[in-house]
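Okay, so here's the structure we're looking at.
Every read-out reported here was derived from the displayed coordinates using simple, explicitly stated rules and does not represent laboratory data. Keep in mind that what you see is a predicted model, and the values were worked out from it rather than measured. Glycine gets a Cβ as well: all are built from the backbone with ideal geometry, and neighbour counts include every protein chain shown.
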Amino acid sequence: MSEVLEVDARGLECPMPLLKAKRALNSLSSGEQLRVLATDSGSVRDFDVFARQSGHRLLQSDEQDGVYCYLLQKA
């Protein structure tokens, strides 16, 4: 599998982390993965809803020291 593309959205507020993720996903092929780093606590709900509605898979969602990390796989 190819490298995981990473988007650093730390310091950005809603809806910017999700918008940056959507833009990055558009550049990926089906099956490729995207890691997003964010500090906006609202992004937890945003990424969960986005994954369910878009068909992309949310493989991982966790938080450490105020940084939320999401791993998405493009549909």
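Odds and ends about this structure:
- Given (1) closer than 14 Å to V7 by Cα; (2) in contact with a Cys (Cβ under 9 Å, 6 or more places away or on another chain), number of the condition G42 does not satisfy: (1)
- Tallying residues that are closer than 17 Å to A75 by Cα, touching a residue at least 24 places away in the same chain (Cβ under 8 Å) and charged (D, E, K, R) within the stretch 23-61 yields 2.
- Failed item, numbered, when V7 is tested on (1) buried (at least 16 other Cβ atoms within 10 Å of the Cβ); (2) outside any strand (DSSP E or B): (2)
- Filter result (under 20 Å from A75 (Cβ atoms), free of Cβ contacts under 8 Å to residues at least 40 places away in the same chain and touching a strand residue (DSSP E or B) at 6+ places or on another chain (Cβ under 6 Å)) within the stretch 1-16: L5, E6, V7
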